[in-house]
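Notes to accompany the following structure.
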Amino acid sequence: MDVLVLNADLGPLHRVSLRHAVRMLVRRVAEVHEAHPDTQIGVWPVPTVVRLVSYVVTRWRHSRGPGWSRAGVLVRDGRRCAYCGGHASTIDHVLPRSRGGRNSWVNTAAACGACNQRKGDRTPSEARMPLRFRPAAPTWAAMAL
Ligand SMILES: [Zn+2]
């Protein structure tokens, strides 16, 4: 069961697991915005939407965002392969490094070993392996919580 995380200005940020959302409530970085009726988890109604508290958001909004790392790419993509949706343990360079592709948020995506090997030194279109999403730089909110 996923929970939608809203920015303090109610702009949607990303989705997290219920467990993750409850941790945010415990740490008081978020408050329940919408909840399932008549259900309870600890002292909170079971949230469907949580809202970040403002002072945390202000800090994120003015920071440059997290730096690139292999581990960070796996976290950003929820360890889901960008090509087949299976469990990912490697990262793939969309434009291969051998052809000038950089270690950057927009050029890397989580991939399973099989897809990574199959794609090899090709671009997604050359390999006919479309990305399931467009890689993007994550916010601090998506990575740190
Ligand atoms: Zn895969």
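The values are calculated or read from the model by the stated rules, or taken from the named source; none is laboratory data. The model shown is predicted, which means the values in this text are computed figures rather than measured ones. So basically every Cβ, Gly included, is an ideal-geometry build from the backbone, and we count neighbours across all protein chains shown. Ligands, DNA and RNA are stripped out before the accessible areas are found, and what is left, the full protein with its side chains, is counted by its heavy atoms. Shrake-Rupley method; radii C 1.70, N 1.55, O 1.52, S 1.80 Å.
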message: When the residues of region 28-53 are narrowed to those that are in contact (Cβ under 8 Å) with a residue 24 or more places away in the chain and part of a loop (DSSP other than H, G, I, E, B), which ends up surrounded by the fewest Cβ atoms within 10 Å (Cβ to Cβ)?
response: Arg28
- line: Those residues of region 100-116 which are of a type outside the set (A, V, I, L, M, F, W, C), touching a helix residue (DSSP H, G or I) at 6+ places or on another chain (Cβ under 6 Å) and either free of Cβ contacts under 8 Å to residues at least 40 places away in the same chain or open to solvent by 40 Å² or more (accessible area, probe 1.4 Å) (or both) amount to Gly101
message: Filter region 90-113 down to the residues that are near the ligand (Cβ under 10 Å from one of its atoms) and assigned to a loop (DSSP other than H, G, I, E, B) and list them by number.
response: Cys112
message: Considering only residues that are under 17 Å from the mean Cα position of the chain (by Cα), modelled with pLDDT under 95 and not hydrophobic (A, V, I, L, M, F, W, C), which ones fall in region 94-112?
response: Ser104
message: Given the criteria of a type in the set (Lys, Arg) and touching a residue at least 24 places away in the same chain (Cβ under 8 Å), does Arg97 qualify?
response: no
- request: Exactly one condition in (1) open to solvent by less than 20 Å² (accessible area, probe 1.4 Å); (2) under 26 Å from His20 (Cα atoms); (3) without any contact (Cβ under 8 Å) to a residue 60 or more places away in the chain is not met by Asp92; state its number.
  value: (2)
query: What tally of residues in region 114-145 results from selecting those that are in a loop (DSSP other than H, G, I, E, B), among the aliphatic types (A, V, I, L, M) and more than 30 Å from Val22 (Cα to Cα)?
result: 2
message: The conditions are (1) in contact with a strand residue (DSSP E or B) (Cβ under 6 Å, 6 or more places away or on another chain); (2) in a strand (DSSP E or B), and Met24 fails exactly one of them. Which is it?
response: (2)
- line: Counted residues in region 117-139 being touching a residue at least 40 places away in the same chain (Cβ under 8 Å) and either hydroxyl-bearing (Ser, Thr, Tyr) or open to solvent by less than 90 Å² (accessible area, probe 1.4 Å) (or both) come to 8
field: Those residues of region 75-89 which are open to solvent by 50 Å² or more (accessible area, probe 1.4 Å), within 15 Å of the ligand (Cβ to nearest atom) and either within 18 Å of Glu126 (Cβ to Cβ) or not small (Gly, Ala, Ser) (or both), in sequence order
entry: Arg79, Arg80, Cys84, His87
